[in-house]
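S.K.: Got a structure for you, written out below as structure tokens; questions coming shortly.
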Amino acid sequence: MELQHKVKIALVVASFAALTILFTARRRRKRRSGSTSCYLRDDQKPQYAFKRVLADNSYSAFKHLKLNMNKDNDVNSHPYESEILSLLENSSPELNFISERTDLTLSDTYAWVETESQLEELVDVLNKEMVFAVDTEQHSLRSFLGFTALIQISTHKEDYLVDTIALHDSMNLLRPVFANRSICKVFHGADNDILWLQRDFHIYVVNLFDTAKACEVLSKPMKSLAYLLETYCRVATNKMLQREDWRQRPLSADMVQYARTDAHYLLYIANCLLFELKQVNENSSTDDKFNFLLEASRRSNMTCLQLYSKETEGSPGESAASSISSRHLNSQGGSALISCKTQFQDRVRRLCAWRDLMARVHDESLRYVLSDQAILAIAIQVPKSTGELYATIAQADLNVDLSSSPFLPSPSSVVCSHLDDIHCLLHDNFGDLDRFFLGILQNCIGSNGSCPLSIFNYALLVKYNLKMMTISKHNDRKNAKQISKKASRELFVQKFSCKSPVYHNCRIYANDGRLLCYCDRRKLEWYLRRELAELVADDPPAIKLLFEPKGRPEDEGNDFYIQSKKNICVGCGEGNHYLRYRIIPSCYRIHFPEHLKSHRSHDIVLLCVDCHETAHAAAEKHKRELAAEFGIPLFVRRVVDTKEAFDMAAEPSDSETNVHEEGVSPLELRTAAMALLRHGPRMPLKRQEELMLVVMKYYGRREISEEDLERALLVGMSPHERRRVQKKKGLAFKHSPQSVFPDAEHQNGACNIDTSTVDNSSVDVNNHMNSDSGSVSDTCGPGGEVSFSDNGYAKTAQPKFNSKLSLLGHGPHGKLVVDYLLKEYHEDGIRQFCQRWRQVFVAAIQPRFLPAGWDVNHRLS
């Protein structure tokens, strides 16, 4: 009996297995043969219930909201540009998120909003708030452009989860609230959310505080929301839930918890960051003009100026095809024949174009339709039959990382429905691929097409023609960025342009009534306060000196200083904004003899932002030319700790160690030290070792401590730069100030500097030249007296620190150039040098509004 029972069980199992195999085989045959009915007729997607979409799958550009229909403006202009720009111009943003500490406990109650009446109630609630937090959840796998599946909104009192799938056609009710500039919207990492809300609902955010931007300003070690939740709220989140299918209804308990967490704590986190921004401002010195709170607000609202645009390509699938082909050919090392490369690239291009069209027709993502690995496998070894094609795709997808989409079918339903089309595409030589793709499109969504027509693909059929497959690259992206660029320029003008007239055209007369010069009010008042002059006119003000001046204009043979000057750009005549521009760069002029700097106003002119940019570019180019001409590089090439260098030199070695071997660029040293201090423990070990080696070169390759990193960060900086590192960058040095900011003597003699370059052996600049090594050297404290030991290392004797000179800029270069000119050509060399710079300025700007008397050959005293 027991044996019979076992036989029955075996027969049942065998029968079940046979039925399963038969069913599977029949299903595969049906899928391979391609059915006349598309899979979408049985797989109804949630988005197919939408009555209207703003971004369809056609190749046409996205149209933004137009508030004033009578206004003849660009279709891609931002509808709330003026409101956002007014916020950017606000020098004192009002940001008050939470007046007192709130209970951070996440309660069990929340509001699920899925009807229009509930959405209207939410709008009424939000209109009464001064601030609320927002987050979104997206779905992109089963949609070509993706869509917003959920919006989380949190106020001080309650959390709201808005079902944007059920309310897709009513989401415009939220538009006025999000555009209300008196209500602050708190996001974290809003760059994508801003675009998604525009794409799906024409919702534009005005008045934004982005906690990620605040983290940037505060130089936080990380700026992810998970980090902020852990740091400020002691809450851990599972970011894997972000990859869940947010279309499903109802949401699981874990998904609800995750969605609520992202927005619930955001107001409290924003308040903590706001407090830190205010604290940093209060602790900053009065001469530090950087406003941390204003900068966080500015960066946040700059994000609001972004505009959504569809990605455009020269032809469908072009960028994907180029990426796949280049990756594969690069991995082959160029061993393939040119003819084989051409055939391979053509197959990849065809498959990517087909994938792009099918994704648009079926409203699927590219990775759902056909993976890059499958395209590569097919293009390398073309399958001879649809059966082989099916197997090739399935085998290729075994190597795909499916962690983000573990239930992704392979081959996809789209491929199974169009195996014959792919086989035909690979084996037939089409003279006109456009016509072939048009035929596929007609078979899919034409009058008797196999696929359902939807609001996503209808425009694709209507607007599709033979020219659509060779779409010219539009200027949509440029237009979308123009507003942001314009806003940045206006902010630059506001921040750096002169806030008041530069030329007051006040007159100073000699005691005999001769006009001496024009000046500003401050200089005029200086004479009056000391009773050295008397006021002789009020509008414009004029004074007469009560003593005989040392010099008069006729003594100089130039009437530049007795001419009134206009407050306009000397290049183009712009009068609304202007900046001071120094024709002779400060890195040179600061080292001129004092009596040659007395008339510096001749070489300081007013330029608008555009002309200033042009002049600056020409000046930088001329600096490089001077560096090559004199053999003096623009930047210090190497620095090395003098003490460590002496220690190394004292040790016997087979090969002599010198500055050329052990030195490191000051900027490279600072960058490495900064990275190690901020991110060292979190860096990959290999990168950490590379940066550590850079710092070790400065310290003679010995082991270094955190204190050494802090000192290395400050090498070559002026006192002002060191203060900015400590305050603006927000670095919290763990060691005492004495260890980080050593006394002036140690600081100035702490390192040896090599600014060597080829062909500089002829330049001998006041004993700054080591003739044996062919290098121009100076100590960390420019201006100190330098001598050289027998082993070639610099020795410092009572260095005098020059606080205006930084080794991180062009200061050392400027000093060496000026010293060389004075040594070789005396003061005439300086005068000719100034004339060269004026010629560079005139050639670059071609100024039409220079003050009368301005002259390229103007002679310095």
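S.K.: Give me the pairs: first residue in the stretch 305-318 and at pLDDT 80 or above, second residue among the hydroxyl-bearing types (Ser, Thr, Tyr), beta-carbon distance under 6 Å, and six or more apart or on different chains, which are they?
M.R.: Partner pairs satisfying both residue conditions: 305/484.
S.K.: Output the residues belonging to the stretch 262-279 that are open to solvent by 10 Å² or more (accessible area, probe 1.4 Å) and out of contact with any Asp or Glu (no Cβ under 9 Å at 6 or more places or on another chain).
M.R.: Selection gives 265, 268, 271, 272, 275, 276, 278, 279.
S.K.: Looking at the stretch 156-169, which of the residues that are open to solvent by 10 Å² or more (accessible area, probe 1.4 Å) and of a type outside the set (D, E, K, R) is farthest from the chain's Cα centre (by Cα)?
M.R.: Residue satisfying both the conditions and the ranking: 166.
S.K.: Pick out the one residue from 206, 280, 186 that is of a type in the set (Val, Ile, Thr), within 17 Å of residue 300 (Cβ to Cβ) and modelled with pLDDT under 90. It would help to see each step written out before you state the result.
M.R.: On the way: 206 fails: modelled with pLDDT under 90; 186 fails: modelled with pLDDT under 90.
Of the residues listed, the single one that is of a type in the set (Val, Ile, Thr), within 17 Å of residue 300 (Cβ to Cβ) and modelled with pLDDT under 90 is 280.
S.K.: Right, something else. Can you pull out every residue in the stretch 357-375 that is open to solvent by less than 10 Å² (accessible area, probe 1.4 Å) and of a type in the set (Asp, Glu)?
M.R.: Of everything in the stretch 357-375, those that are open to solvent by less than 10 Å² (accessible area, probe 1.4 Å) and of a type in the set (Asp, Glu) turn out to be 363, 364.
S.K.: Only one of these conditions is not met by residue 704: (1) among the hydrophobic types (A, V, I, L, M, F, W, C); (2) modelled with pLDDT under 85; (3) farther than 24 Å from residue 810 by Cβ; (4) in contact with a Leu (Cβ under 6 Å, 6 or more places away or on another chain). Which number is it?
M.R.: Residue 704 satisfies every listed condition except (4).
S.K.: Within the stretch 128-170, take every residue that is among the acidic types (Asp, Glu) and in a strand (DSSP E or B) and give me the one that is nearest to residue 244 (Cα to Cα). Lay out the reasoning, then the answer.
M.R.: Within the stretch 128-170, the subset among the acidic types (Asp, Glu) is 129, 135, 137, 158-159, 163, 169.
This time we only want the ones that are in a strand (DSSP E or B), so: 135, 137, 159.
On the way: 135: 16, 137: 10, 159: 21 Å.
This residue is 137.
S.K.: Can I ask one more? Any idea how many residues of the stretch 111-124 are part of a helix (DSSP H, G or I) and open to solvent by 50 Å² or more (accessible area, probe 1.4 Å)?
M.R.: Initial filter on the stretch 111-124 (part of a helix (DSSP H, G or I)): 116-124.
Now restrict to residues that are open to solvent by 50 Å² or more (accessible area, probe 1.4 Å): 116-118, 120-121, 124.
Total satisfying the criteria: 6.
S.K.: A further question follows. Please state which one of 639, 605 is among the β-branched types (Val, Ile, Thr), modelled with pLDDT of 75 or more and open to solvent by less than 40 Å² (accessible area, probe 1.4 Å). Break it down stepwise before answering.
M.R.: On the way: 639 fails: modelled with pLDDT of 75 or more.
Step by step, each of 639, 605 is checked, and only 605 is among the β-branched types (Val, Ile, Thr), modelled with pLDDT of 75 or more and open to solvent by less than 40 Å² (accessible area, probe 1.4 Å).
S.K.: A further question follows. Filtering the stretch 497-528 down to residues that are under 44 Å from the mean Cα position of the chain (by Cα) and free of Cβ contacts under 8 Å to residues at least 40 places away in the same chain, which residue is most open to solvent (accessible area, probe 1.4 Å)? Don't jump to the end; show me each part of the working.
M.R.: Looking only at the stretch 497-528, we keep the residues that are under 44 Å from the mean Cα position of the chain (by Cα), and these are 497-505, 519-523.
Cutting the leftovers down to free of Cβ contacts under 8 Å to residues at least 40 places away in the same chain gives us 499-500, 504, 519-523.
On the way: 499: 148, 500: 68, 504: 67, 519: 16, 520: 51, 521: 120, 522: 181, 523: 92 Å².
Selected residue: 522.
S.K.: Tally the residues that are free of Cβ contacts under 8 Å to residues at least 24 places away in the same chain, over 22 Å from residue 143 (Cα atoms) and basic (Lys, Arg), restricting the search to the stretch 233-270.
M.R.: The number of residues fulfilling the criteria is 1.
S.K.: Assess whether residue 212 counts as being open to solvent by less than 20 Å² (accessible area, probe 1.4 Å) and of a type outside the set (Asp, Glu).
M.R.: Values: open to solvent by less than 20 Å² (accessible area, probe 1.4 Å): yes; of a type outside the set (Asp, Glu): yes.
Yes, satisfied.
S.K.: When residues of the stretch 171-192 are filtered for being open to solvent by less than 10 Å² (accessible area, probe 1.4 Å) and in a helix (DSSP H, G or I), how many remain?
M.R.: 4
S.K.: Return yes or no: is residue 245 touching a strand residue (DSSP E or B) at 6+ places or on another chain (Cβ under 8 Å) and surrounded by fewer than 18 Cβ atoms within 10 Å (Cβ to Cβ)?
M.R.: Details: touching a strand residue (DSSP E or B) at 6+ places or on another chain (Cβ under 8 Å): yes; surrounded by fewer than 18 Cβ atoms within 10 Å (Cβ to Cβ): yes.
Criteria met by residue 245.
The values are calculated or read from the model by the stated rules, or taken from the named source; none is laboratory data. Because the structure is predicted, anything quoted here is derived from the model rather than measured. Quick reminder, even Gly has a Cβ in these numbers, built from the backbone with ideal geometry, and neighbours come from all protein chains shown. Note: accessible area is taken over every heavy atom of the protein model, side chains too, but ligands, DNA and RNA are not part of it. Shrake-Rupley method; radii C 1.70, N 1.55, O 1.52, S 1.80 Å.
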